[in-house]
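Colleague: This is the structure I have questions about; it appears just below.
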Amino acid sequence: TLGANSLSGKLRVFGFGDPAVKASLKGNVALDEVREYYPLEAGTALAGFVRSDVSVDGKPADPRSIRASGTLKFKNVSYSTPAMARPVKNLNGDVAFNNQLLEMKNVTLEIGRSDLRLDASLKNYLSLASAGEEKTVAKPFLNFALKSKVLNTADISAGDGTAGAGLAAGDNDAGSAGLILPGIDMAGTVDVETLRTEKFTFTNAKGAISMTDGVAKLKDMQLDAFGGVVRTDGMLDLSRPDRRPFDLKLDVKGVESNSMLSPFTTFGKYLFGKLSLSTALKGDLDDTLGISAATLTGNGNAFITDGKLTGVPLLEKLSGFLSAEHLKEVDIKSWSQSFSVADGKINIKDLKISGKDADLTVNGVHGLDGSMDYTMHVRLPQSVSDRVKLQGVGDQLLKFFKDKEGRLNLDFLVSGQTQSPVLKLDTRAQENMLKQKLLDEAAKKLSDPLKKAAEGLKKLLKP
């Protein structure tokens, strides 16, 4: 008995030239008393209780010869050192092990601001002890079911050398940098009520995930984000801390377009409405888990309902050009488009916006840096068309911009930047129509005298 700690066991050592050990130990240890019997690093805090029943048989000089088995029960264990950025608190649960398998049941803990509940089995874990040696046993593999009320990705990432220092086993595998369990392949399910990254907060994150050599594969993952639901399947490579390639298929339903698009685009802050999106995207995540725009490629389709465009410099330019103040803001009945992304640019195809006071069709390229190069067709209802004034367009040409219903149809060439657009009215089609009409009228005037001459000639030659 050592203070409040009770220990019992057996130990046999034989073959002192190359010793072998056979031992068993049972104990109920109060961890806050350990420092009285064993020197700990200055500033180390250790508390809680561990109950153990462990048996060991083998040669310490040859770890692979050791046969071990036993159980560990943790109750309210906490551990921290001065080097740990995020201490471990309230560790509870049961662990059972033998040489082939380590099982964790109802293991709960808090690390940083995160809480975890884990049920898992780890096979071939002893191969971790042979790091740097030729491995003759299978690689460790973890099956798990992870639940959490609050999970901060920074709390379980060891990629910065400090975060998660209490759990990381060391970067003994090139494919494991930044992982909570380096050197271990895994497969399991996650169920997280609140998931926080450095830039975003998501809720109800659920799905299946597997990892091999630091490459994660996601299946049927879904989470609530930006007021809607995001579902995804694909791959995320976490093996390198400086570059994290991803290849994902996304199915987005009913998210707030302004919230979702603003962090990634220069025009998202002007766009409001419920966005649904189906897309396949590839690229890299940066060290904050944000998307590196220069690496992004992909394609997809987007739909928006019940929204509006407001504060857009291009619309302000358009309203000034047409002397129509109400066009500075467009109420969106529907928005549909297909698109592709490459080289830091969004290639827009048949973007159609149906609005209360204007219908827009856009084709061209919008850079993620805000650059613009596209054509824009604007159709205005008759109630608006009658009030519009076109700068530099005479009355003779103006009628060629109207259709049979009296609606103005205008084509523009758009260039410049999102904040400073350049808008130019394209009048080539109307000028060609005017030229054709003038030619037709000239031909008609020329043909009238000829008709009269022909009629007179007929009378003259009539028998």
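The values are calculated or read from the model by the stated rules, or taken from the named source; none is laboratory data. This is a predicted model, so every value here is computed, not measured. Ideal geometry is used to build each Cβ from the backbone, glycine not excepted, and the neighbour counts take in all protein chains shown. Accessible surface is based on the protein model in full, side chains and every heavy atom, while ligands, DNA and RNA are left aside. Shrake-Rupley method; radii C 1.70, N 1.55, O 1.52, S 1.80 Å.
Colleague: Any residue in the range 78-96 that is within 16 Å of Leu40 (Cα to Cα) sitting within a Cβ distance under 9 Å of a residue that is of a type in the set (A, V, I, L, M) and open to solvent by 60 Å² or more (accessible area, probe 1.4 Å)? List the pairs, counting only those 6 or more apart or interchain.
Modeller: Pro82/Ala42
Colleague: Kindly evaluate Ala293 against the criterion of being touching a residue at least 60 places away in the same chain (Cβ under 8 Å), closer than 28 Å to Asn409 by Cβ and of a type in the set (Gly, Ala, Ser).
Modeller: Answer is no for this residue.
Colleague: Do any strands (runs of 3 or more DSSP E) lying entirely in the range 341-380 carry at least 3 residues that are open to solvent by 50 Å² or more (accessible area, probe 1.4 Å) and over 18 Å from Thr295 (Cβ atoms), and which ones are they?
Modeller: On the way: elements: 345-355, 359-367, 372-380.
Per the criteria, 345-355, 372-380.
Colleague: Then there's this: Being open to solvent by less than 30 Å² (accessible area, probe 1.4 Å) and part of a strand (DSSP E or B), is that true of even one residue in the range 84-92?
Modeller: For the range 84-92, residues open to solvent by less than 30 Å² (accessible area, probe 1.4 Å) and part of a strand (DSSP E or B): present.
Colleague: Considering the range 38-50 alone, what residues qualify as being within 23 Å of Leu109 (Cα to Cα) and surrounded by fewer than 15 Cβ atoms within 10 Å (Cβ to Cβ)?
Modeller: Scanning the range 38-50 gives Leu40, Glu41, Gly43.
Colleague: If we keep just the residues of the range 205-234 that are part of a loop (DSSP other than H, G, I, E, B) and open to solvent by less than 70 Å² (accessible area, probe 1.4 Å), which is nearest to Lys269 (Cα to Cα)?
Modeller: Among them, the one singled out is Phe226.
Colleague: Something else: Report the residue count in the range 53-94 for those that are of a type in the set (A, V, I, L, M, F, W, C), farther than 19 Å from Ala20 by Cβ and in contact with a Lys or Arg (Cβ under 8 Å, 6 or more places away or on another chain).
Modeller: The qualifying residues number 1.
Colleague: Just one of Leu398, Leu457 is part of a helix (DSSP H, G or I), open to solvent by 30 Å² or more (accessible area, probe 1.4 Å) and at pLDDT below 60; which is it?
Modeller: On the way: Leu398 fails: at pLDDT below 60.
It is Leu457.
Colleague: Mind listing whichever residues of the range 313-332 are open to solvent by 70 Å² or more (accessible area, probe 1.4 Å), in contact (Cβ under 8 Å) with a residue 12 or more places away in the chain and assigned to a helix (DSSP H, G or I)?
Modeller: Within the range 313-332, Glu316, Lys317, Lys328 qualify.
Colleague: Could you tell me whether any residue of the range 39-54 is among the polar types (S, T, N, Q), over 18 Å from Leu102 (Cα atoms) and touching a strand residue (DSSP E or B) at 6+ places or on another chain (Cβ under 9 Å)?
Modeller: Yes, the range 39-54 contains at least one residue that is among the polar types (S, T, N, Q), over 18 Å from Leu102 (Cα atoms) and touching a strand residue (DSSP E or B) at 6+ places or on another chain (Cβ under 9 Å).
Colleague: How many residues, within the range 14-37, are in a strand (DSSP E or B) and open to solvent by 60 Å² or more (accessible area, probe 1.4 Å)? Full working, then the answer.
Modeller: Step one: of the range 14-37, the residues in a strand (DSSP E or B) are 14, 20-30.
So of that shortlist, the ones also open to solvent by 60 Å² or more (accessible area, probe 1.4 Å) come out as 14, 22, 25-26.
Summing the residues that are in a strand (DSSP E or B) and open to solvent by 60 Å² or more (accessible area, probe 1.4 Å) in the range 14-37 gives 4.
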